[in-house]
Structure formats: structure tokens, C-alpha cells
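Colleague: Before I ask anything, let me first share the structure, which is written out below as C-alpha cells.
The values are calculated or read from the model by the stated rules, or taken from the named source; none is laboratory data. Since the model is a prediction, treat every value here as computed from it, not as a measurement. Here the Cβ positions follow ideal geometry from the backbone for every residue, glycine too, while neighbour counts run over all protein chains shown.
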Amino acid sequence: MYFYHLTINGPLLVSLLSCMLQNQLEKMGKIKGGKILLFLLCLNIVTFGVIADGPPTCPADLGGECNNSGEWKGEFFPGIPKIKYEGPLSKNPLAYKWYNAEEEILGKKMKDWMRFSVAFWHTFRGTGGDPFGAPTKYWPWEDGTNSLAMAKRRMRANFEFLDKLGVDKWCFHDRDIAPEGKALEETNANLDEVVALAKELQGTKIHPLWGTAQLFFHPRYMHGAATSSDVGVYAYAAAQVKKAMEVTHYLGGENYVFWGGREGYQSLLNTDMERELDHLARFMEGAAAYKKKIGFNGTLLIEPKPQEPTKHQYDWDAATAANFLRKYGLTGEFKLNIECNHATLSGHSCHHELETARINGLLGNIDANTGDPQIGWDTDQFMTDIAEATMVMLSVIKNGGLAPGGFNFDAKLRRESTDVEDLFIAHIGGMDTLARGLRNAAKLIEDGSLAELVSKRYESFDSEIGRQIEAGKVDFEMLEKKAFEWGEPKVASAKQELAEMIFQSAL
Ligand SMILES: [Mn+2]
């Protein structure tokens, strides 16, 4: 894996260094007999660098300039084997220690609880660039262009990655997988061409967990898409969602996601919030109607996020999104895609957002990632916290699983992680973390003491009068009568530390 990295980049690095050395010696007037030798060494290594096996590598940059090297069809990850389960004692970074796809936990196979998915945009379009610095990734499939040939090569890399990881679902935005053309017709044709290849490469076992339209990157969406102040943008966004839904359906996608990155405001002084929310609702109604028209049975999912890129996004959190769906009568048409990093940005835990979605009958999918407590933005890191994963899985089990949703790794490598094998290690780590969470949550459920502690806490409501209160059959006069009759209530301990002790004993 490190060796692979060296064969691609090592010769170029050495050639560069020797050429630099030659240059320096010349400047210092010290080069005489060694000049020809150094020149030959330089030439030889440059040649070796150029003819080294594999596709050329360029910065994984959206707008970079590099030679377009056509549609290369070789292996992109030659040093990586198919990832297998080796158990908790394994020290092999390229093996699962906790995720054993076929093993049954609480009567269901692990793969059916998890339904893992790889996010195309992070894994195959992530550049490592940030607002302060240039791209850092040199991936073997990239030629630095945004051409159709490049898009197809990335798609081949995607399916080799899925195959080696043993994951049968992927997620995409329309614009990640195919380049935008000069007009919408050309853009749609580009998308069709790449989608046709994806359909061929998917075979019968792989399909999208979900698809979505990217309605936030292009300048036309600066005021929003469905909530733009411009009716032309509203129409363009609808056309884009229509097409994205069609290709998701064509590829056998099981869900369709709306993340409204630009659906919000920067200032209420120039914004008609009521009108924008009404527009958003009309847009969602249109999407639900079109879904039925084309016979697409996938679940429509709204992905809450409080802010970033806008100052305030309309789908702030699960409760806000649920209220939006209720107000406009859309709860039967939509569910929620809860992202853990978005949960913490909105001031909640992921567990809170999952429980809020679940008890409202809206838990549809999870974007499995995590933020950094010391960094205030959406860092989209792979989950590594076993306690958090255990709480997530407690919600998933209570929900009876997520199907037709699943766990999508909306997560990326750190900017400084630049080896191809890091992409595998990150996914394996994320999958093992959640698999460990599932095993722990199952332990807690089978043990039963935590559930017992909770039901004991509310047992006074199991009385005759408690049942009647819960059934809405007791009025305030009756309650006052009871208060006089019972006198001062004896209030029991919440047993929080005991609950935490039981929880941590399962980790
Ligand atoms: Mn997401």
C-alpha cells in the first residue's frame, strides 16, 4: 500500500530532487565531471516516472489543468486486497475487526442492520482543498480535468473500491458524477452517458442507497434553489431534481435526498421568509408528485442542517424539519436523513436527532459521520467514538432498522491523509465503529437493566389513574382532587449515574 504510493510518486520526486540538485550545483559553479552523470540520472528517472505503471496522477482538483489521458480501464487499487473480517484480535489495518457482514445480531444479519454506503463526492471528488489551501490529494484515477472521460474513470474507480470494500451501496450528487455542460440539455446528456456506465458497472448486486441533485455549488444557486428569489432559478432547480430523480430510479436507487445547503437566508432584512418557505413546500410537493408519476418507490428524505453555508438553513434540525413537513401536510411523503455532524452543529447530540426523528415516525437514513468538538464547522469525519456509535445503534434498533435507508459515509479523509489506502482504512474504521456500536447496543438490550431502569422511573404512570392520564381521560378537577388526596409526592432518584454505569459496562 505504501509501496504502491511510492511507485507512482517516488520516481517523480527523486527526479525532481536530482534535477534541482544539478541546477544548484551549476549555480554554484561546482559542476564539472559529474554534470553528465547527473543529467543522465535525471533523464533516466524522469523517463521511469513517465512510463511507471498505472494511470497518471494529478491533484484531485475540480478546475485543475492536466493532460486528459482518456478512459483508462485498469486497476486503480492494485495493492489493496478484498477486505475480509478477521476478528477483534487482528492487527491488519485492511481487515474488519468488528463488522462481520453475515453474522446475526438480534435476529438480523449485520449487513442488513447497517446497509453501508460509500459517498461518491467525498471519496472520489474530495480534493483535500480547504478555504486556506490547495488540494493535497494525488489520486491515481485523476487527470485534473472535469471531462467526461475523467468522470467515467472515477466511476470505474468507485466500483473497484466498492467491490474491494465489500459494500453494495453508493450515494451521489448529479454533478459529482458528470460534468455540467454549456446548457441544461448538454448537462443532462453528460449525466446520461456516465449513468449508463454506472448501470453497466453496478451489475445486479450494487445500487445507489440514494441519489440527489447538487443545488448549492453553481453560482445560479447563490440565493437558494427552491427558495431563490428568482423564478428562473426555481424552475432550473426543479428541472435538475426531476432529472436526478429519473437517474436515481434508473439505477435502482432506494431513496432520494434533499439537502438544502442554500435554502435559508443571510439576513432577514432582505428576505421574505414566509414566502420562501411556501416556495420550498411547493417544490417538495412537486417532487413527491413527480416521484409517483415515474413509478419511483424510493423514500424522499430531507437532511436537516442548521447553517453553513447559509447563516440560517430552513431545515435547522429534525424538529424544525418535522414541523415544516407537518405544516404543509408532507409527513406521509417524506422522512429525514439525520447526519451526526449536522446534529452537533445544531446544538444536539446525534442520539437526540435520531430519537426526535424516530418518535415522529421520520427516521429514514443516517449520514454517518462526526464533527470535532474543538472545530466549529462541518468537518465530516469518519465516526470513531464507540459510545456515540452505541447510542446511534440503540436508536436504530428501536426503529427496527433503517431499511430502505442505511448508513451513508458522508465522511472524508483529513486534508493531511493522502495515501490511497487511507480511503480504505477510513471506511473500515467507520464500519467497525458502527458494528461495535451494534454489538454493544445488542448487549444492552439483551441484558435489559437499562430498559428496566427507565420503565421503573415511569412506573407510577402504570397505575390506573396514570393510564387514564395517558389516554387523555383525566381533567384538571380530577387531578386537583388527587393532589389533595395524595399530599406531597415522594420524588424518586433519576439514577443517572447508574444508567451511565450500565451503559459504559457494555462498551
Ligand atoms: Mn450529508
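Colleague: Please indicate, with yes or no, whether at least one residue in segment 414-422 is under 22 Å from residue 90 (Cβ atoms), assigned to a loop (DSSP other than H, G, I, E, B) and at pLDDT 95 or above. Even if it seems obvious, please write down each step before you answer.
Modeller: Start the filter on segment 414-422 by keeping residues that are under 22 Å from residue 90 (Cβ atoms), which leaves 417, 419-422.
Filter again for assigned to a loop (DSSP other than H, G, I, E, B), leaving 417, 419.
Checking which are at pLDDT 95 or above leaves us with 417, 419.
Yes, there is a match, as at least one residue in segment 414-422 is under 22 Å from residue 90 (Cβ atoms), assigned to a loop (DSSP other than H, G, I, E, B) and at pLDDT 95 or above.
For (1) over 30 Å from residue 300 (Cβ atoms); (2) away from the ligand (no atom under 16 Å from the Cβ); (3) hydroxyl-bearing (Ser, Thr, Tyr); (4) surrounded by fewer than 13 Cβ atoms within 10 Å (Cβ to Cβ), each residue gets a yes or a no:
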position: 408; (1), (2), (3), (4): no, no, no, no
position: 437; (1), (2), (3), (4): no, yes, no, no
position: 442; (1), (2), (3), (4): yes, yes, no, no
position: 457; (1), (2), (3), (4): yes, yes, no, no
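Colleague: Now for a different question. Of the numbered conditions (1) in contact with a Leu (Cβ under 9 Å, 6 or more places away or on another chain); (2) under 23 Å from residue 504 (Cα atoms); (3) among the polar types (S, T, N, Q); (4) without any contact (Cβ under 8 Å) to a residue 60 or more places away in the chain, residue 390 satisfies every one except a single condition; which is it?
Modeller: (4)
Colleague: Right, here's the next one. Here's a check for you: in segment 197-217, which residue that is in a loop (DSSP other than H, G, I, E, B) and either in contact with a Pro (Cβ under 9 Å, 6 or more places away or on another chain) or not aromatic (Phe, Trp, Tyr) (or both) is surrounded by the most Cβ atoms within 10 Å (Cβ to Cβ)?
Modeller: Checked segment 197-217; the qualifying residue surrounded by the most Cβ atoms within 10 Å (Cβ to Cβ) is 215.
Colleague: Pairs under 7 Å by beta carbon, first residue more than 21 Å from residue 334 (Cα to Cα) in segment 253-277, partner within 16 Å of the ligand (Cβ to nearest atom), six or more apart or different chains?
Modeller: Sorted first by the residue in segment 253-277, then by its partner, the pairs are 265/310; 266/310.
Colleague: Find all pairs meeting these conditions: Cβ atoms under 9 angstrom apart; at least six residues apart or on different chains; first residue within segment 336-347 and within 12 Å of residue 321 (Cα to Cα) and more than 9 Å from the ligand (Cβ to nearest atom); second residue β-branched (Val, Ile, Thr) and part of a strand (DSSP E or B).
Modeller: 336/302; 338/366
Colleague: Follow-up question, since we're still on this one. Being under 21 Å from residue 171 (Cα atoms) and either within 16 Å of the ligand (Cβ to nearest atom) or in contact with a strand residue (DSSP E or B) (Cβ under 9 Å, 6 or more places away or on another chain) (or both) narrows it down to one residue among 224, 261; which is it?
Modeller: The unique qualifying residue is 261.
Colleague: Residues in segment 469-492: is at least one assigned to a helix (DSSP H, G or I) and closer than 30 Å to residue 80 by Cβ?
Modeller: The answer is no; no qualifying residue exists.
Colleague: Another question, if that's okay. Just to be sure before I move on: is residue 378 touching a Lys or Arg at 6+ places or on another chain (Cβ under 9 Å), closer than 19 Å to residue 413 by Cα and within 16 Å of the ligand (Cβ to nearest atom) in the structure I sent?
Modeller: yes
Colleague: Among the residues of segment 476-485, write down those that are charged (D, E, K, R) and either touching a residue at least 12 places away in the same chain (Cβ under 8 Å) or surrounded by 10 or more Cβ atoms within 10 Å (Cβ to Cβ) (or both).
Modeller: Start the filter on segment 476-485 by keeping residues that are charged (D, E, K, R), which leaves 477, 480-482, 485.
Result: 480, 481, 482.
Colleague: State which residue pairs qualify: first residue farther than 20 Å from residue 357 by Cβ and inside segment 287-303, second residue assigned to a helix (DSSP H, G or I) and among the polar types (S, T, N, Q) in any location, beta carbons under 8 Å apart, and separation of 6 or more residues or different chains.
Modeller: 296/248
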